[in-house]
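The values are calculated or read from the model by the stated rules, or taken from the named source; none is laboratory data. Owing to the predicted nature of the structure, the values given are computational and were not obtained by experimental measurement. Glycine also receives a Cβ, built like all others from the backbone with ideal geometry; neighbour counts cover every protein chain displayed.
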C-alpha cells in the first residue's frame, strides 16, 4: 500500500536556482495534459526566473516538495500575487511527479502553504484555477476548503486559453 502523506509531513523547501531541473521534469506530456502540453525550454527558463524574482520581491513563494520518509523530490507548490476582480489576491498552483501521485502529497503541501498564508499572508483570498478536465486538482481544491465559483477562461501558458474552474478560499478565520 502506498504511504499517505498527512498535512505537515511533507517538507517544503524554498525554490532555488537548482530547481530549474525539476521544472523541466514537469514539462512532459503526462504532466502537461491539463495545461496545454509541453512548452519550449525558453518558457520554462523564463517561468523559473520569475519564480525566483517573486521571492526576492516578496510577492510569492515557490517550494520544492519532498516526500516522506525518504525526502525524495516529489513536486512543487507555491503562491503568488495577481490582480483578479479588481483586487490583489493570491493564486496557488502545484505539481506532483507521476511516481508520487495518489499519496496525498499535493494535499499535504497545499494545506501546509495555506496555513502559512493564514498566519502571515497579506491578502484575504487565494484562488486556484485547475482545468475543468483535471479531476484530481479539482478534488484537491474541494478537500482543502476552496469554494467553487464557476468556470472561467484563463491564459496558461502564455497565448493558450484554458477552460478552468475558479476556486476561492477565504484566508480570514471564520467566527
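What the table below lists for this structure:
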| quantity | calculated |
| --- | --- |
| Wholly within segment 81-160, strands (runs of 3 or more DSSP E) carrying at least 1 residues that are surrounded by 12 or more Cβ atoms within 10 Å (Cβ to Cβ) and without any contact (Cβ under 8 Å) to a residue 24 or more places away in the chain | 147-155 |
| Odd one out for residue 28, checked against (1) at pLDDT 85 or above; (2) closer than 21 Å to residue 130 by Cβ | (1) |
| Meets criteria (assigned to a strand (DSSP E or B) and surrounded by fewer than 21 Cβ atoms within 10 Å (Cβ to Cβ)) for residue 53 | no |
